[in-house]
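Undergrad: Can you keep this structure in mind? I'll have questions shortly.
The values are calculated or read from the model by the stated rules, or taken from the named source; none is laboratory data. None of the values given here were measured: they were computed from a predicted structure. Note that each Cβ is placed from the backbone with ideal geometry, even for glycine, and that neighbours are counted across all protein chains shown. Accessible surface areas use protein heavy atoms only, side chains included; no ligands, DNA or RNA. Shrake-Rupley method; radii C 1.70, N 1.55, O 1.52, S 1.80 Å.
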Amino acid sequence: APSPTTAVPYMSVKCIDVRKNHHKTKWLMPWGPNHCEKLKDFDEAVSRQIEANDIVFAVHIPLPSKEMSPWFQFMLFIMQLDIAFKMDNDLKENAEITLDVSLAYRDDMLEDWEEIAHAIEIRKLKCTFGSPKTLESEGRHYDCDFLPFMEIGSVAHKYYLINIRLPVNERKGINVGIGEIKDIRLVGIHQNGGFTKVWFAMKTFLTPSILIIMIWYWRRITLMTRAPVLLEKVIFALGISMTFINIPVEWFSIGFDWTWMLLFGDIRQGIFYAMLLSFWIIFCGEHMMDQNERNRLSGYWKQVGPIAVGSFCLFIFDMCERGVQLKNPFYSIWTTEVGTELAMAFIIVAGICLCLYFLFLCFMVFQVFRNISGKQSSLPAMSKARRLHYEGLIFRFKFLMLITLACAAMTVIFFIVSQVTEGHWKWGDITIQVNSAFFTGIYGMWNLYVFALMFLYAPSHKNYGEDQSNGDLGVNSGEELQLTTTITHVDGPTEVYKLARKEAQE
């Protein structure tokens with residue numbers, strides 16, 4: 001697949017809006033047959049006695065002779081201001097810029113523009129000046145941070161138009177002390193159509209695969225004479241959450257203007273993360289704890305509780321950003337000091353917690369390995385068939401545990417990288433180039449992992465005869481052999497469980 005996103009730079013055109021309400025349309029086009037009257041620079045505006053309130057910065061999306069497509073999925077815009085230094089119009093400390101912004105769309109070059117949103121937004125300017133502020137430095141530009149500008153969760157139309165005004169009101173102190181603004185630049189980021197097609201194809205192919213193995217898995221469990229045990233239920237729940245994230249509802253975004261798709265995607269991913277992290281804790285715990293603590297979800301509240309709280313906080317944070325953007329696409333939590341600090345703190349804390357979680361998981365896996373290894377000493381005393389069976393069982397189990405660790409490590413890296421990638425446009429400095437192989441690879445890995453779990457942990461209906469059991473480890477003849485390791489009430493404990501259980505008793 002091509003790289004996941006493309007960034008397109010746009011330079012705004014300065015339009016004169018002297019007649020204001022006398023225009024045929026309130027929308028000012030930067031180019032084309034009905035283009036506005038343009039200004040080269042602000043010196044021309046001064047010489048023609050045009051006020052700042054009569055200037056509109058117009059940006060047409062996309063560039064001439066191109067058109068947008070629903071395959072682009074979303075649009076994110078970042079603003080950069082070109083501010084020049086002037087002795088008599090210096091940039092104040094903690095200066096704030098007030099933007100009167102409007103967004104419109106049309107699907108035909110001859111149609112009238114339809115308004116999508118209008119808002120008055122305030123952005124804090126964070127600029128530095130490398131040279132000493134003297135007469136010689138006049139005209140040099142400040143080095144300003146990117147400003148978050150707009151985010152839309154669907155690209156349902158072919159053409160978009162942004163009109164930006166910088167209203168000046170000296171009495172109220174609006175747009176005073178913001179320096180001499182020369183130009184407004186925008187960077188538009190959208191998903192690549194080619195990547196979207198590969199992503200959709202993957203989801204469409206994987207959905208029936210996981211669905212079929214899930215039905216097969218649950219059918220095998222219901223055929224048993226006992227009730228399903230905790231680990232089996234949790235694996236099934238993981239399968240459901242994987243199916244939920246797989247279902248390609250994104251196909252509808254090609255035909256419908258569903259701006260809430262980004263938020264819905266975040267919620268789906270959050271549910272899957274929470275389920276996956278909880279599963280790993282229970283998976284390791286069920287192979288490690290003593291008999292009394294097994295097979296009860298209540299035994300894991302200390303580990304699963306924080307995951308649930310973290311997921312809820314993540315949901316609230318997302319609603320504060322993407323939820324509000326459904327009404328006002330120009331809103332951003334990064335525009336206020338408190339919002340930026342909260343957002344940064346959230347990303348840092350989430351990263352640290354995930355790293356600690358991974359270390360805790362490594363410790364649990366080490367405990368399980370020690371448990372199982374302790375039992376390998378009793379293998380030589382068994383009959384050949386039984387010994388081979390147990391060796392195969394232990395090898396498969398250890399292999400699955402190592403795969404679990406690898407999967408956990410990749411998931412933690414993926415979460416941190418995706419947060420940093422999303423955030424770097426908003427707080428500059430850090431840039432990470434994530435290619436599509438990383439996204440599709442992690443997504444494929446999750447599916448394969450869930451598939452393998454259900455395949456390996458489905459109860460087996462094979463039986464070993466009396467002559468093969470030899471009474472070793474007290475295994476009853478005809479006991480079903482499976483990789484599940486939790487207590488069963490009718491058929492007795494399963495085999496790997498017996499190995500781990502005996503170690504606990506000793």
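Undergrad: Residue by residue through the range 227-235, which ³J(HN,Hα) values in whole Hz follow from phi under the Karplus form 6.51 cos²θ - 1.76 cosθ + 1.60 (θ = phi - 60°), with glycine and proline marked x?
TA: Working through the residues one at a time gives 7, x, 8, 3, 4, 5, 5, 5, 4 Hz.
Undergrad: Heads up, I need the accessible area for H35: 1.4 angstrom probe, whole protein in place, Å², nearest 10.
TA: 100 Å²
Undergrad: Ordering T128, T196, T98 by accessible area with a probe of 1.4 Å, largest first, what comes out? Numbers along the way, then the final one.
TA: Numbers: T128 85, T196 0, T98 20 Å².
Order by accessible area, largest first: T128, T98, T196.
Undergrad: Let me ask something else. How much length is gained if the chain between F252 and R48 is pulled fully straight, taking 0.36 nm per residue apart and subtracting their Cα-Cα distance, in nm to one decimal?
TA: Once the chain is fully extended between F252 and R48, it gains 68.3 nm.
Undergrad: List the relative contact order of the range 213-296 as a percent without decimals, with contacts defined as Cα pairs under 8 Å and 6+ residues apart. Working shown, then result.
TA: Details: 33 pairs, mean separation 32.7, N = 84.
This gives 39 percent for the range 213-296.
Undergrad: List, in the order given, every pair from K233/K302; K26/K126; K38/K92; K92/K172; K26/K158 whose Cα-Cα distance in the structure shown is over 25 Å. Walk me through the numbers on the way to the answer.
TA: Values: K233/K302 19 Å; K26/K126 32 Å; K38/K92 29 Å; K92/K172 16 Å; K26/K158 20 Å.
Violating the 25 Å Cα-Cα cut-off are K26/K126; K38/K92.
Undergrad: So, one more: Just the number please: accessible area per residue for the range 274-347, 1.4 Å probe, all protein chains included, in Å². Write down the numbers at each step before the final one.
TA: On the way: 3580 Å² over 74 residues.
For the range 274-347, the per-residue accessible area is 48 Å².
Undergrad: Determine the share of the range 194-457's accessible area contributed by carbon and sulfur atoms, expressed in whole percent, with a 1.4 angstrom probe.
TA: Working: 9130 of 12430 Å².
Reported share for carbon and sulfur atoms: 73 percent.
Undergrad: In Å, the Kirkwood hydrodynamic radius of the range 194-457 over pairs of distinct alpha carbons?
TA: Working: mean 1/r = 0.0481 Å⁻¹.
After inverting the pairwise mean of 1/r, the radius is 20.8 Å.
Undergrad: For the ranges 104-111, 27-34, what's the packing order if you count other beta-carbon atoms within 10 Å of each residue, average per peptide, and put the highest first? Could the numbers behind the result be given before it?
TA: Numbers: 104-111: 13.1, 27-34: 16.0.
Per-residue mean Cβ counts within 10 Å order the peptides as 27-34, 104-111.
Undergrad: Give me the accessible area per residue for the range 5-190, probe 1.4 Å, as a whole number in Å².
TA: Accessible area per residue: 52 Å².
Undergrad: Based on the Cβ-Cβ distance of F205 and I122, what FRET efficiency does E = 1/(1 + (r/R0)^6) give at R0 = 60 Å, to the nearest 0.05? Show your work: numbers first, answer last.
TA: Details: r = 47 Å, r/R0 = 0.78.
Calculated transfer efficiency: 0.80.
Undergrad: Same structure, new question: Using a 1.4 Å probe, how large is the accessible area of F236, given in Å² and rounded to the nearest 10?
TA: My reading of the accessible area for F236 is about 50 Å².
Undergrad: What figure, in Å² to the nearest 10, do you get for the accessible area of S373 with a 1.4 Å probe and non-protein molecules left out?
TA: Probe radius 1.4 Å; accessible area of S373 about 50 Å².
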